[in-house]
Amino acid sequence: MAQQGHAQVLASAAAGDEVAFRRLIAEHHEDMRRVCAYVSGDLTIAEEATQAAWVIAWKRLRDVREPSHLRPWLITVAANEAKQLLRKRRTRARLEVATDASREPGGLDPATGVAGLDLRSAMARLGADDRALLAMRYVAGFDSNELAAATGSTPAATRRRLKRLLDRLRKELTDA
C-alpha cells in the first residue's frame with residue numbers, strides 16, 4: 001500500500017469505517033500475533049492478546065497521527081497486552097519437545113533439537129519486557145528508531161540494551 005493509501009485507510013478506520021479497519025487487521029494481525037507469541041511463550045495467550053489489542057486499536061485509532069507510526073503502535077499495544085495476560089495468569093513458558101524425529105534416513109540431527117531447546121529455555125528466563133524487545137526487533141523487524149519509540153527510550157539506549165540481551169543469550173548458550 002502506498003503512503004497516501006496508508007493515510008487514507010488509517011483515517012477511514014479511525015473515523016469508524018469497518019472495511020478500512022479490516023484492511024488494517026489483514027495487514028498487521030500476523031506480525032502482532034507473532035510478537036505476542038514470543039513475549040508470552042504461549043499461543044493461546046498470543047491469540048488473546050492480539051484480539052485484545054485490536055479492541056484497543058478500534059477505540060484509540062484516532063491517537064495515531066502518522067501512518068508510519070501505526071505498525072509500531074499496534075505491535076507495542078499487542079506486546080503490552082501479552083505481558084499483561086502473562087502476569088494475570090502467572091504461567092510459565094512451556095517447552096514442546098519433538099519426540100518423533102524425521103523418519104527419513106539420517107533423521108533429525110539431535111544437536112539441532114537440543115540447541116533449539118537451549119534457546120527456548122534461555123528466552124524463557126528473560127523477562128517479558130526483554131522478550132518483547134527481542135521480538136519487536138527480530139520478529140517484527142523494528143529498527144532502533146521504531147524500538148526507541150515503542151519503549152520510550154533513545155535509539156542508542158535501545159541498541160545498547162539489545163546488545164546486552166544478545167550477549168547474555170550468547171553466554172548462556174555457550175555455557176549450556
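With a 1.4 Å probe and all protein chains kept in place, how do Ser153, Ser144 rank by accessible area, largest first? Walk me through the intermediate numbers first.
Details: Ser153 50, Ser144 30 Å².
Final ranking, largest accessible area leading: Ser153, Ser144.
Work through the residues other than Thr50 whose Cβ is under 11 Å from its Cβ and net out their charges, Lys, Arg +1 and Asp, Glu -1. All intermediate terms of the calculation are to be shown ahead of the outcome.
On the way: positive: Arg33, Arg34; negative: Glu30, Asp31, Glu47, Glu48, Glu81.
Here the charged neighbours net out to -3.
Order the following by accessible area, largest value first: Thr76, Thr44. Probe radius 1.4 Å; ligands, DNA and RNA are ignored.
My answer, sorted largest first, is Thr44, Thr76.
Would you mind computing, in nm to one decimal, how far apart the modelled labels at Asp118 and Asp17 are, each placed 7 Å from Cα along Cα→Cβ?
5.2
Using the Karplus equation 6.51 cos²θ - 1.76 cosθ + 1.60 (θ = phi - 60°), what ³J(HN,Hα) coupling, rounded to whole Hz, does each residue of segment 60-75 give in order, writing x for Gly and Pro?
10, 4, 5, 5, 8, 8, 10, x, 5, 8, 4, 4, x, 5, 4, 5
Between Arg62 and Asp175, what's the calculated FRET efficiency when r is the beta-carbon distance and R0 is 45 Å? Round to 0.05. Present the calculation step by step, with values, prior to reporting the outcome.
Numbers: r = 49 Å, r/R0 = 1.09.
Given R0 = 45 Å and the Cβ-Cβ separation, E is 0.35.
The values are calculated or read from the model by the stated rules, or taken from the named source; none is laboratory data. Here the structure is a predicted model, which means the values were calculated and not measured. Every residue, glycine as well, gets a Cβ built from its backbone with ideal geometry; the counts of neighbours run over all protein chains shown. With ligands, DNA and RNA removed, areas are computed over all heavy atoms of the protein, side chains included. Shrake-Rupley method; radii C 1.70, N 1.55, O 1.52, S 1.80 Å.
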